[in-house]
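Note sheet for the following structure.
The values are calculated or read from the model by the stated rules, or taken from the named source; none is laboratory data. Since this is a predicted model, take the numbers as computed values, not measurements. Don't worry about glycine lacking a Cβ; one is built from the backbone with ideal geometry, like all the others, and counts go over all protein chains shown. Please note that ligands, DNA and RNA were not included when accessible areas were found on the heavy atoms of the full protein model with its side chains. Shrake-Rupley method; radii C 1.70, N 1.55, O 1.52, S 1.80 Å.
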Amino acid sequence: MRIILLGPPGCGKGTQAEIICKNFSIPHISTGDILRDNVKRGTEIGFKAKEYMDSGRLVPDEIIISMMKGRFSEKDCKNGFLLDGFPRTITQAEALDDLLKQMKISLDYIINIDVPDEDIINRISKRLSCSNCGEVYNLLYKKPKNEMTCDSCGLKLNQRDDDKEEVVKNRLDVYRKQTAPLIKYYKDKIKNVDGRKNISEVTKEILNLFNS
Ligand code: AMP
């Protein structure tokens with residue numbers, strides 16, 4: 001199964017992606033996670049990407065596209081994948097189309113999780129993540145068992161630099177201008193889900209799409 005999850009930052013893509021990927025045993029490919037890992041490891045990609053990420057801007061298409069070409073050629077993508085945070089521009093979507101054509105495969109589902117801007121700012125300001133294992137929590141609906149420490153590895157949780165309110169506003173602006181046009185690009189295939197509902201209701205809506 002090959003899926004794209006679209007939606008503004010903080011719409012719950014990452015949370016839903018994890019659940020779906022576990023369910024269908026497919027890899028969760030998040031360009032944000034791959035970039036953060038590169039920043040952490042101090043790679044050349046990480047070095048180039050960091051200033052864009054810190055200010056909430058998109059990392060240039062050519063960096064993302066070449067990074068993704070490598071990812072698709074890995075063994076775990078053989079039975080499918082879920083893309084979270086990619087494509088994020090029309091240029092990336094066109095590059096993905098070319099790549100899929102070369103690999104002689106197609107997408108099965110393109111799902112857009114829709115949440116209004118005011119809810120997003122509220123949600124993201126309550127988001128915490130573990131800089132060690134990457135586990136993401138939210139003080140509104142996915143609280144850690146012990147305040148401020150990661151349930152999995154016990155280390156201190158932090159707010160991502162780009163989850164600070166000013167940067168979030170910029171990320172939303174970038175989303176509306178550069179990523180939202182993908183909804184029209186994929187209009188023949190896209191399915192919308194109401195991301196204001198709670199986590200399990202959104203999951204149910206997505207799973208229903210797979211069964212319909
Ligand atoms: P995310 O975790 O998906 O919200 O991504 C965090 C940041 O990584 C974004 O604000 C961008 O700076 C960068 N990023 C992630 N995915 C992409 C992409 N497909 N194209 C360009 N920049 C990206």
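Residue selection: Gly134 satisfies the criterion of being part of a loop (DSSP other than H, G, I, E, B), in contact (Cβ under 8 Å) with a residue 40 or more places away in the chain and not charged (D, E, K, R). Only a single criterion out of (1) in contact (Cβ under 8 Å) with a residue 60 or more places away in the chain; (2) away from the ligand (no atom under 15 Å from the Cβ); (3) open to solvent by 20 Å² or more (accessible area, probe 1.4 Å) is not satisfied by Arg36, namely (2). Among the criteria (1) at pLDDT 95 or above; (2) open to solvent by 40 Å² or more (accessible area, probe 1.4 Å), the one Ile63 does not fulfil is (2). Could you please tell me which pairs satisfy a Cβ distance under 8 Å, a separation of 6+ or placement on different chains, a first residue in the stretch 138-162 that is open to solvent by 70 Å² or more (accessible area, probe 1.4 Å), and a second residue that is of a type in the set (Gly, Ala, Ser)? That search, which allows pairs on different chains as well, returns Leu155/Ser131.
In the stretch 39-54, the residues that are in contact (Cβ under 8 Å) with a residue 12 or more places away in the chain reach residues that are open to solvent by 50 Å² or more (accessible area, probe 1.4 Å) and assigned to a helix (DSSP H, G or I) with C-beta atoms within less than 6 angstrom, at least six apart or across chains, in these pairs: Val39/Lys50; Asp54/Asp161. Might you check whether a residue that is out of contact with any Gly (no Cβ under 8 Å at 6 or more places or on another chain), among the basic types (Lys, Arg) and within 13 Å of the ligand (Cβ to nearest atom) occurs anywhere in the stretch 99-121? So far as the stretch 99-121 goes, no, none of its residues is out of contact with any Gly (no Cβ under 8 Å at 6 or more places or on another chain), among the basic types (Lys, Arg) and within 13 Å of the ligand (Cβ to nearest atom).
For (1) modelled with pLDDT of 95 or more; (2) over 21 Å from Asn211 (Cβ atoms); (3) touching a strand residue (DSSP E or B) at 6+ places or on another chain (Cβ under 8 Å), each residue gets a yes or a no:
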{"position": "Ile19", "(1), (2), (3)": "yes, no, no"}
{"position": "Pro27", "(1), (2), (3)": "yes, yes, yes"}
{"position": "Thr31", "(1), (2), (3)": "yes, yes, yes"}
{"position": "Arg41", "(1), (2), (3)": "yes, yes, no"}
{"position": "Thr91", "(1), (2), (3)": "yes, yes, no"}
{"position": "Ile105", "(1), (2), (3)": "no, yes, yes"}
{"position": "Ile111", "(1), (2), (3)": "yes, no, yes"}
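Here Gly14 fulfils each of the conditions (1) in contact with a Lys or Arg (Cβ under 9 Å, 6 or more places away or on another chain); (2) under 22 Å from Ile199 (Cβ atoms) apart from (1). Considered as a group, the residues in the stretch 1-19 that are within 25 Å of Ile90 (Cβ to Cβ) and aliphatic (A, V, I, L, M) include one that is farthest from the ligand (Cβ to nearest atom), and that residue is Met1. With the condition kept exactly as written, say whether any residue in the stretch 21-28 is open to solvent by 10 Å² or more (accessible area, probe 1.4 Å) and within 13 Å of the ligand (Cβ to nearest atom). Scanning the stretch 21-28, I find at least one residue that is open to solvent by 10 Å² or more (accessible area, probe 1.4 Å) and within 13 Å of the ligand (Cβ to nearest atom), so the answer is yes.
So, Leu82, is that one within 11 Å of the ligand (Cβ to nearest atom), closer than 30 Å to Glu205 by Cβ and out of contact with any Asp or Glu (no Cβ under 7 Å at 6 or more places or on another chain) or not? No, not satisfied.
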